[in-house]
Every structure is written in C-alpha cells, then in structure tokens.
Amino acid sequence: MAKMRIEVLGGLRLSSGSEATAVRLTRKGQAVLAFLALQRGRPQAREKLAALFWENSAEGPARTNLRQCLSALRKSLGSILLTEQDSVSLDVAALDIDSVRFEDLVTKSEVDALEEAVAIYHGELLEGFNIKEEAFEAWVRGERERFRSLAIDGLTKLIECYLANDRIDALIKVARRLVTLDPLNEDGYRSLMQAY
C-alpha cells in the first residue's frame with residue numbers, strides 16, 4: 001500500500017494511495033495535520049494544540065473543537081494518527097513528508113543528496129496557506145525562515161560542489177536560484193560572476 005503523501009514546501013498538498021486520491025479535511029484539519037507532520041513524530045500536548053489552533057476560544061470549547069478535529073483526522077488517516085490521553089502525534093514511518101526528506105538530505109554533503117534536497121524545496125513552507133490564528137501564523141513564520149535558511153545553506157553547498165567539479169552550467173542554474181531566494185546573498189552573485 002502506498003504511503004500517504006504530505007507536501008508542505010511550496011504550499012500544502014495531501015494525497016493518499018497510489019492514485020493520489022485527495023484527502024478531504026477542513027482547513028483547520030489540514031493545518032493540524034501539517035503541524036503534526038512537521039513535528040517528525042514527536043507527541044504534542046492536546047493543550048498546546050488547542051491553544052495554537054483555537055486561541056480565541058475558551059479552554060472548554062477549544063478542547064471540544066480539537067476533539068472534533070482529531071476525530072475527522074482519524075477517519076481520514078486511520079492508524080497514522082496516534083492519540084494518547086494527553087498527546088497526539090503521527091506515525092511518520094507510514095507517511096511520505098517532503099519537509100522531513102528535505103531536512104534529512106540538506107544536511108548531507110554528497111551532490112546527489114543536495115540536488116534532491118533543493119529539488120524538494122520548491123517554495124516556502126505552507127506558502128499561501130492561512131487559518132487566521134495568530135499563534136499558528138507566528139509558528140509558521142519561524143518555521144518558514146528556518147526552512148528558507150536550510151535551503152540557502154543547501155544551495156550554497158551545492159554551488160561549492162559544482163565549482164570543485166567544474167560543472168559550470170549546473171553552478172549557474174543553482175546560483176541563479178540562490179540569488180532569487182536570497183537577493184542579498186553576495187556569495188551567490190560572486191559564484192555567478194566566476195562562472196561567467
């Protein structure tokens with residue numbers, strides 16, 4: 001059976017099965033799923049989730065909303081959603097999560113791994129996705145900047161690899177991408193000038 005796929009880089013896309021059948025969840029349910037996916041299987045306190053996603057609700061209604069949301073997630077995800085009395089997590093081994101793969105690859109120094117990592121990073125974290133909850137949005141901003149930084153580091157390492165191996169055409173392409181992502185990156189411009 002094909003793993004459920006969660007893509008959070010460059011927007012939010014969910015699919016399950018080999019035929020990429022869309023997973024149907026409310027916007028808030030999608031946000032909770034994305035948040036849990038980015039936790040890499042670490043259990044999250046229900047109290048924290050209620051505060052993050054229903055910050056303007058009293059504690060009782062917020063926990064009720066969370067229970068309803070988790071119930072809908074359980075119907076869509078089945079055993080992938082792991083719930084305990086006080087915490088919730090995802091069975092990340094049963095998922096294909098682009099951000100997890102990206103983080104694992106971008107820290108490596110091999111050209112193949114770095115090329116795959118920068119190919120996975122095809123846009124900002126949860127680009128264009130909003131649920132109008134300030135606590136969630138603040139968390140997204142921090143994570144977005146962290147992933148952007150990782151992408152810049154990965155592109156910089158890949159430029160160094162291409163420069164060392166005299167792969168000028170590939171270097172130009174990656175350096176252009178780096179200066180597009182970070183217009184103030186002097187190393188990217190310097191690499192382009194050297195390549196030309």
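Does at least one position in region 32-46 carry a residue that is aliphatic (A, V, I, L, M), within 21 Å of the chain's Cα centre (by Cα), at pLDDT 90 or above and not in a helix (DSSP H, G or I)? Checked region 32-46: at least one residue is aliphatic (A, V, I, L, M), within 21 Å of the chain's Cα centre (by Cα), at pLDDT 90 or above and not in a helix (DSSP H, G or I). Looking across region 156-192, the residues that are in contact (Cβ under 8 Å) with a residue 40 or more places away in the chain and open to solvent by 40 Å² or more (accessible area, probe 1.4 Å) come down to LYS157, ASN165, ARG177. Residues in region 108-144 that are outside any helix (DSSP H, G or I), open to solvent by less than 20 Å² (accessible area, probe 1.4 Å) and closer than 21 Å to LYS157 by Cβ: TYR121, GLY123, LEU125.
Within region 124-155, the set of residues being at positive phi and charged (D, E, K, R) comprises just one member, LYS132.
Condition first: of a type in the set (Val, Ile, Thr), farther than 30 Å from ASN165 by Cβ, part of a helix (DSSP H, G or I) and without any contact (Cβ under 8 Å) to a residue 24 or more places away in the chain. Can you find one or more residues in region 64-75 that meet it?
Step one: filter region 64-75 for residues of a type in the set (Val, Ile, Thr), giving 64.
Then drop every residue that is not farther than 30 Å from ASN165 by Cβ, which leaves 64.
If we keep only those that are part of a helix (DSSP H, G or I) as well, we get 64.
Subsequent filtering for residues that are without any contact (Cβ under 8 Å) to a residue 24 or more places away in the chain retains 64.
Yes, because at least one residue in region 64-75 is of a type in the set (Val, Ile, Thr), farther than 30 Å from ASN165 by Cβ, part of a helix (DSSP H, G or I) and without any contact (Cβ under 8 Å) to a residue 24 or more places away in the chain.
Residues that are out of contact with any Ser or Thr (no Cβ under 8 Å at 6 or more places or on another chain), at pLDDT below 90, closer than 23 Å to ARG146 by Cβ and not basic (Lys, Arg) do occur in region 1-18, at least one of them. Cβ-Cβ distances below 8 Å connect the following pairs, each with a first residue in region 24-43 that is within 14 Å of ASP96 (Cβ to Cβ), a second residue that is among the small types (Gly, Ala, Ser) and not in a helix (DSSP H, G or I), and a separation of six or more residues or different chains: GLY41/SER89.
When the residues of region 74-100 are narrowed to those that are open to solvent by 70 Å² or more (accessible area, probe 1.4 Å) and more than 18 Å from PHE35 (Cβ to Cβ), which ends up farthest from the chain's Cα centre (by Cα)? Steps first, please.
Start the filter on region 74-100 by keeping residues that are open to solvent by 70 Å² or more (accessible area, probe 1.4 Å), which leaves 74-75, 79, 82, 84-86, 93.
Filter once more, keeping what is more than 18 Å from PHE35 (Cβ to Cβ): 75, 79, 85, 93.
Numbers: LYS75: 23, SER79: 22, GLN85: 27, ALA93: 16 Å.
Out of the qualifying residues, it is GLN85.
The values are calculated or read from the model by the stated rules, or taken from the named source; none is laboratory data. Quick caveat, the model's predicted, so the values are computed rather than measured. Cβ: placed from backbone, ideal geometry, glycine included. Neighbour counts: every protein chain shown. Areas reflect the complete protein model, heavy atoms only, side chains present, ligands, DNA and RNA absent. Shrake-Rupley method; radii C 1.70, N 1.55, O 1.52, S 1.80 Å.
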